[in-house]
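**Q** Pasting a structure below so you can have a look.
The values are calculated or read from the model by the stated rules, or taken from the named source; none is laboratory data. Model, not experiment: these values are computed from the prediction. Because the Cβ atoms are built from the backbone with ideal geometry, glycine has one as well, and the counts that use them run over all protein chains shown.
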Amino acid sequence: MFENLTERLQKAIKNIRGYGKITEENISDIMREVRLALLEADVNYQVVKEFTNRVKEKALGEEVRVSLSPSEVFVKILKDELLVLLGKEQVSLNLSNKVNIIMLVGLQGSGKTTTIGKLGNYLRKNENKKPLFVACDVYRPAAIDQLKQLGKQLDIEVYEEGQGNPVDIAKNSLKYAEEHGYDSVLIDTAGRLHINEELMTELNNIKEVVNPHEILLVIDSMMGQDAINVITGFNEKLDLTGTILTKLDSDTRGGVALSVRHLTNVPIKFVGVSEKLDGLTFFEPTRMVGRIIGEGDIMSLMEKAEAVIDTEEAQKISKKINKGDFDLEDFLLQLKQIKKLGSIENILKMIPGASKLGLGNVNIDPKQMARIEAVILAMTVKERRNPNIIKASRKQRIAEGSGTSVQEVNKLLKQFEQMKKMMKMMKQGNFKFPMS
Amino acid sequence: MGIFNKLKNIISKEATVNSYDKGLAKTRDNFISKLNILNQKYKQINEDYFTELEEILVMADIGVETIISFIDRIKKRVNKEKITDPKLLTEVIIDELFIIYVDEDILSTKINYNDNGPTVLLFVGVNGVGKTTTIAKMGFKLKQEGKKVLFVAGDTFRAGAIEQLLEWGKRVACEVVTGKINSDPSSVIYSGIEQGIKEQYDVILIDTAGRLQNKVNLMKELEKINKVIGKLISDGPHETLLVIDATTGQNGISQAQAFKEITNITGIVLTKLDGTAKGGIVLAIKEKVNIPVKYIGLGEKLEDLQNFDLEKYIYGLFKDLLR
């Protein structure tokens, strides 16, 4: 997500670098870029208008400081204002009740049922809760089946009464939860349009019966300008406590994220980042701003890395990089570690400056990774330690051994050479991340 | 302004467009009232007028680049044709909207039927757009036309997807070919088509798992599905329909581009048009990726799938302006 938005904003920032100072004349062109970038990201039209006006005003009002260049000043203003849009602080779930009642609502296809699965998994794993799923989507064919299958995968019980009355099911589930020692109840509801009076009233009836601590609206992050109608529609009727943005692992520019909080004051609490059941993460505004501006999200990456990477092994490799004798054997080890971190695309997105190096939109097929690994595995240890000795006949053998082609072996060796060069530059300090 | 007159003629045929009308009412009211306010507010056409026009078009989710070049063209026409009255400009706006979409193409929403053996329709799209529901509606429609219809549950990934299609199969009395959850979708599809050929079905409707267009491995899976279909029926699939949710914003263009790269998308099914979303992104998709809309979804009922009719669609948007 956000990649294209980041790219566009960086274009604007780059333009400003050419100027000695920010003036009424040159800021107009830049604000035009920023405006288009935001509109193409589906940021709400009103929000774009307000945002660009504020940024422009601030940029012009900013006193010239010797220590900061115009582009640095501009980036700071952008960051501050984006943070205002996203809400400065992270808002977490209210989980301090004897039984925490959480209700998920939203349009059809926004991802409510999948999100219930992810949320249940999160509550159990990270909050040490004992969740119960409640199947109140009695309309969509097989919605109950879907929730039951998720429950089975996670070993979380599902309370259901078939195609009964959703209000009664919700009510009965609370009693069931108390009797069976569950401390969190997650209620799945049917997808509905915010303008469907009858079904919106039904949600309100469920709300009155169960008194939920959290009513979360699940929104598809690929949504366009209609998002505001949907959010206001649900909020006016139900007084939402938060939203969950789904499908952020798509290439959406994520404008919804920048509009929701600002226009409705309803905080974003979680974001869905993969189809897997652990693909739900906290929404952290400051980190998100870093991603939008293209500074990456090194905090999240480090947290993730700490959780999965063997520190000793990593230190050894980093020493080798510093000494300049990093070889394919080390590369292989690294590949294995990286695989534990998740997809390369996701890692790259979190690295500061990656998008500026043209790495923001890289697509890497997991199968491609497996092929690279196969090629390296087909080499002897001696070859891995000293790739220079790999000439024509060895290449032929490696290609056959790994089921690939000589071209692919060549490509890998060439890429590895480039990588080493980059490492060398970084070591010598010639390699600057454009914004750090 | 031939198209415009044609539109006016359609108004007399109002009865035929009633249900279209109902579904798009919210869309239209919003859009029209804004354009009307715009026309009342401005006695003459100036820069502020165009800024507001831009806002109206952006709010309808018509692509940003499309809008910018669109407004440029309108401005040129205003200069050239010396238009000063905003009311007259409305006609130019509608005219130009047609031009974006049609662009001298001959457009058909008809299904490309196979004369020798079953016609294969493949449904693809990102998650949650309504592929399975659309298949049910399409099956219902085709059965009403007297066709023998087979469903194939090619979404073996999402929990409950197979059961969902089975349930729809029951409701519309269509046989459903299924495989195990998490099995290779290509193999289910292979046996589905085999059965379809053997038992002489007229149409085979294939459901696939929702996939985000930037997931390389899932897009490769789709490539494989295509190959498998081609093995059994050399010119299949006869239609590959990309299902797009009307609430989708600018990402719709990216979806259309990515899916078109992998498969030969022959048309779009625009779903959920009964909400407040305008689905304007289809105009940009047609202009940039050249994929026409073939069907629209206007509700949750089986009969809520209709052939896309550009005249009715734009008429629906501009009805009140034409009176």
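**Q** Among the residues in the range A:114-127, are any within 14 Å of chain B (Cβ to nearest Cβ), out of contact with any helix residue (DSSP H, G or I) (no Cβ under 6 Å at 6 or more places or on another chain) and either outside any helix (DSSP H, G or I) or more than 19 Å from A:VAL210 (Cβ to Cβ) (or both)?
**A** The answer is yes, given that some residue of the range A:114-127 is within 14 Å of chain B (Cβ to nearest Cβ), out of contact with any helix residue (DSSP H, G or I) (no Cβ under 6 Å at 6 or more places or on another chain) and either outside any helix (DSSP H, G or I) or more than 19 Å from A:VAL210 (Cβ to Cβ) (or both).
**Q** Output the residues belonging to the range B:189-209 that are surrounded by fewer than 24 Cβ atoms within 10 Å (Cβ to Cβ) and touching a Lys or Arg at 6+ places or on another chain (Cβ under 9 Å).
**A** Residues satisfying the conditions are B:TYR190, B:GLU199, B:GLN200, B:TYR201, B:ASP202, B:ALA209.
**Q** Here are B:ILE162, B:ILE244, B:ILE229: which of them is at pLDDT 95 or above, crowded, with 20+ Cβ neighbours inside 10 Å and within 15 Å of B:ALA136 (Cα to Cα)?
**A** Within the list B:ILE162, B:ILE244, B:ILE229, the selection yields B:ILE162.
**Q** Can you pull out the helices (runs of 4 or more DSSP H) entirely within the range B:181-270 that have at least 1 residues that are within 14 Å of another protein chain (Cβ to nearest Cβ)?
**A** Ranges flagged: B:216-232, B:251-262.
**Q** Could you look through the range A:139-157, keep only residues that are modelled with pLDDT of 95 or more and part of a loop (DSSP other than H, G, I, E, B), and pick out the one that is surrounded by the most Cβ atoms within 10 Å (Cβ to Cβ)?
**A** A:ILE156
**Q** Look through the range A:29-76, keep the residues that are among the hydroxyl-bearing types (Ser, Thr, Tyr) and within 14 Å of another protein chain (Cβ to nearest Cβ), and return whichever of them is farthest from A:ILE293 (Cα to Cα).
**A** Going through the qualifying residues, I end up with A:TYR45.
**Q** Looking at this structure, is A:ASP188 of a type in the set (D, E, K, R), facing another protein chain (nearest Cβ under 10 Å) and crowded, with 21+ Cβ neighbours inside 10 Å?
**A** No, not satisfied.
**Q** Looking at B:VAL124, B:VAL120, B:VAL58, which is the one that is among the aliphatic types (A, V, I, L, M), within 14 Å of chain A (Cβ to nearest Cβ) and surrounded by 19 or more Cβ atoms within 10 Å (Cβ to Cβ)?
**A** B:VAL58
**Q** Still on this structure: Is it fair to say B:GLU52 is within 14 Å of chain A (Cβ to nearest Cβ) and not in a loop (DSSP other than H, G, I, E, B)?
**A** For B:GLU52, the condition - within 14 Å of chain A (Cβ to nearest Cβ) and not in a loop (DSSP other than H, G, I, E, B) - is met.
**Q** Given (1) aliphatic (A, V, I, L, M); (2) buried (at least 24 other Cβ atoms within 10 Å of the Cβ); (3) more than 9 Å from every other protein chain (Cβ to nearest Cβ), identify the lone condition not met by A:ALA227.
**A** (3)
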